[in-house]
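What follows is a single structure, written as structure tokens, with notes after it.
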Amino acid sequence: MIQDNPSSEPISDEVNDPAKQSIMRLIWEAIKGTNQSYTTGNINRAIVLLAIPMILEMAMESLFAVVDTFFVSKISAEAVATVGLTESVITLIYSIAIGMSMAPMAMIARNIGEDRPEEASKVALQAIYMTVVIALMIGIPGAYYAEDILRMMGGSETLIANNVGYTRIMFASNIFIMLLFLLNGIFRGAGDASLAMRSLWLANIINIILDPLFIFGIGPFPELGVQGAAVATTIGRGLGVVFQLYILTGAHSRVKIYFHQNKVDWDIIKRLANIAATGAGQFLIASASWIFLVRIIAQNFGSEAMAGYTIAIRLIIFTLLPSWGLGNAAATLVGQNLGAKQPERAAISTWRAAHFNMLYLGTVAVMYYVFAEQWVSFFSTEPAVLAAGTKALKIFAIGYVCFGYAMVLSQAFNGAGDTRTPTIVNFICFWLVEIPLGYFLALNVGWGLEGVCWAVVIAESLMTVLIIILFARGKWKTVKV
């Protein structure tokens, strides 16, 4: 494993030296966002400047699901189950969106590291073209076959009849999901992490305000029930995308969209597609595994178990997605430092970010395990739901540290443009281990919901071991994008 080597790079203790930079001042600088070089200077400072806005960005993304689940849980367990079933399939769209965002992030980071902002701008525009087309190809059939999707996932006919509108709206609006991820990937690759954060803050504030208004019909707003959560989320994400496009066509981003570059460049699109295909495949593999596990629960253990599992997952995602902030920071540092011909600095940055993430998730894991019932009861006090959610959350907490460590190293591979290695690791751990193990423990051994949760922990722990070994070998340093 690569260790910090003071002899290869003099690293000052700037972050910890109050005379040079107070912690509060550094945090404010990260949130405000300033043009910085991430290929020179103190590595800890670079991680902090990138990670803080990225953590806040991903916290906002995870807040969408938590807010929706909170308000929908006031309707019924069936409504929460609808959100869980829909989100398990929508996760496929998230996977494609994340994969699509990896390609411009890696290419733009290299271009910025090589001091070629014009080329970075071309990549951004071509990535937008490609994403819009793919979003329409997914969204139209997804909305049309919404009932069949819920039925395929094990939803009851009553659930489908009452709540299919939520699923239909979420699929129809997937273009906003994909563009929100993509455009933030462009900002991250450029090192403009604060701009990505602001777009998610805007989208979430709007969603939080509109959710209760549309769900419960407050004031002049119609009472739409669970469908109201989808309407609020769509409006929030849509306005977030408008803000992102405004920034990219203005003067406040390092990467700008120029109208004279509006022609389709098939060479750039081909390079983007090569990275995005395996990037999307990497997360589709994980998402498909999630769908199989959800289907096991929905078909065999009922709506209460499904609702409890959904609440536990929402809590896990709420604190796990901010860890993507550290992972995304590592990805940006890897891409830009490889572009600047500094592979060892890229490696050191990644190991440090992984250590920071491990400490953070270790703290959260203790809080989840000790106070699991209290966390779940915030969403539901129905005995069966509370029991299922508490069991699931405690088991997930046991493997939480491993989740975060693997996340940072996988993102570092992606930042280097090597999306293939994490894809292979995901296939082994999720499809060859997690799915069959989850089925075996839940049904054959008779552990039920707990068996599914233990399969997740075991698969993620194995993934951590494999990704550490592969990253330490260092082949990612020579990837071409």
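Reported count of residues in the range 22-51, each being under 24 Å from the mean Cα position of the chain (by Cα), modelled with pLDDT under 75 and closer than 20 Å to Lys341 by Cβ, is 0.
Candidates Ala146, Ala103, Ala120: the one that is aliphatic (A, V, I, L, M), buried (at least 21 other Cβ atoms within 10 Å of the Cβ) and more than 30 Å from Ser37 (Cα to Cα) is Ala146. When the residues of the range 252-261 are filtered to those that are assigned to a loop (DSSP other than H, G, I, E, B) and either hydroxyl-bearing (Ser, Thr, Tyr) or modelled with pLDDT under 75 (or both), the one that is nearest to the chain's Cα centre (by Cα) is Ser253. Residue pairs whose Cβ atoms lie under 6 Å apart, sitting 6 or more positions apart in sequence or on different chains, and linking a residue in the range 262-285 that is part of a helix (DSSP H, G or I) to a partner that is among the aromatic types (Phe, Trp, Tyr), are Ile285/Phe427; Ile285/Phe430.
Residues in the range 306-326 that are surrounded by fewer than 24 Cβ atoms within 10 Å (Cβ to Cβ) and aliphatic (A, V, I, L, M): Ile316, Ile317, Leu320, Leu321.
Yes or no, residue by residue, for (1) over 30 Å from Thr381 (Cα atoms); (2) modelled with pLDDT of 90 or more:
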{"position": "Met197", "(1), (2)": "yes, no"}
{"position": "Gly219", "(1), (2)": "no, no"}
{"position": "Thr234", "(1), (2)": "no, yes"}
{"position": "Lys270", "(1), (2)": "yes, yes"}
{"position": "Ser287", "(1), (2)": "no, no"}
{"position": "Phe292", "(1), (2)": "no, no"}
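The condition (being part of a helix (DSSP H, G or I), over 27 Å from Asn426 (Cβ atoms) and not small (Gly, Ala, Ser)) is satisfied by just one residue among Glu119, Glu87: Glu119. Considering the range 149-176, the residues that are of a type outside the set (A, V, I, L, M, F, W, C) and outside any helix (DSSP H, G or I) include one that is surrounded by the most Cβ atoms within 10 Å (Cβ to Cβ), namely Gly155. Would you confirm whether or not the range 110-127 contains a residue that is more than 19 Å from the chain's Cα centre (by Cα) and closer than 14 Å to Ser173 by Cα? No; the residues of the range 110-127 include none that is more than 19 Å from the chain's Cα centre (by Cα) and closer than 14 Å to Ser173 by Cα. Quickly run through the range 438-471 and pick out the residues that are of a type in the set (Val, Ile, Thr), touching a helix residue (DSSP H, G or I) at 6+ places or on another chain (Cβ under 6 Å) and closer than 27 Å to Gly417 by Cβ. Listed by number, the residues that qualify are Thr464, Ile467. For the range 406-422, the set of residues classified as surrounded by fewer than 24 Cβ atoms within 10 Å (Cβ to Cβ) and not charged (D, E, K, R) consists of Thr421 only. Condition test on Ala397, is it more than 25 Å from Leu470 (Cα to Cα) and among the aliphatic types (A, V, I, L, M)? It is true that Ala397 is more than 25 Å from Leu470 (Cα to Cα) and among the aliphatic types (A, V, I, L, M). Once the range 217-234 is narrowed to residues that are touching a residue at least 24 places away in the same chain (Cβ under 8 Å) and surrounded by fewer than 24 Cβ atoms within 10 Å (Cβ to Cβ), the residue that is nearest to Ser76 (Cα to Cα) is Gly225. For the range 274-294, the set of residues classified as among the small types (Gly, Ala, Ser), farther than 18 Å from Ser88 by Cβ and crowded, with 24+ Cβ neighbours inside 10 Å consists of Ala276, Gly279, listed by residue number.
If you check Ala298 against the conditions, is it surrounded by 19 or more Cβ atoms within 10 Å (Cβ to Cβ) and in contact (Cβ under 8 Å) with a residue 60 or more places away in the chain? Yes: the conditions hold for Ala298. Looking across Ser410, Ser380, one residue alone is within 27 Å of Gly281 (Cα to Cα) and small (Gly, Ala, Ser). It is Ser410. Of all residues in the range 43-57, one or more are under 21 Å from Ile209 (Cα atoms), in contact (Cβ under 8 Å) with a residue 24 or more places away in the chain and not in a loop (DSSP other than H, G, I, E, B).
If you check Gly438 against the conditions, is it at positive phi and surrounded by 18 or more Cβ atoms within 10 Å (Cβ to Cβ)? So Gly438 fails the test.
When Leu386, Leu432, Leu443, Leu437 are screened for being part of a helix (DSSP H, G or I) and within 26 Å of Gly99 (Cα to Cα), only Leu432 passes. Has the range 347-363 got at least one residue that is out of contact with any strand residue (DSSP E or B) (no Cβ under 8 Å at 6 or more places or on another chain), at pLDDT 85 or above and more than 28 Å from Pro53 (Cβ to Cβ)? So far as the range 347-363 goes, no, none of its residues is out of contact with any strand residue (DSSP E or B) (no Cβ under 8 Å at 6 or more places or on another chain), at pLDDT 85 or above and more than 28 Å from Pro53 (Cβ to Cβ).
Pairing each residue of the range 446-459 that is touching a residue at least 40 places away in the same chain (Cβ under 8 Å) with any residue that is surrounded by fewer than 18 Cβ atoms within 10 Å (Cβ to Cβ) and part of a loop (DSSP other than H, G, I, E, B), provided the two are 6+ apart or on different chains, yields C-beta distances under 8 Å for Trp454/Trp447.
The values are calculated or read from the model by the stated rules, or taken from the named source; none is laboratory data. In this text, all values refer to a predicted model and were calculated from it rather than measured experimentally. Cβ atoms come from the backbone with ideal geometry, glycine included; neighbour counts cover every protein chain shown.
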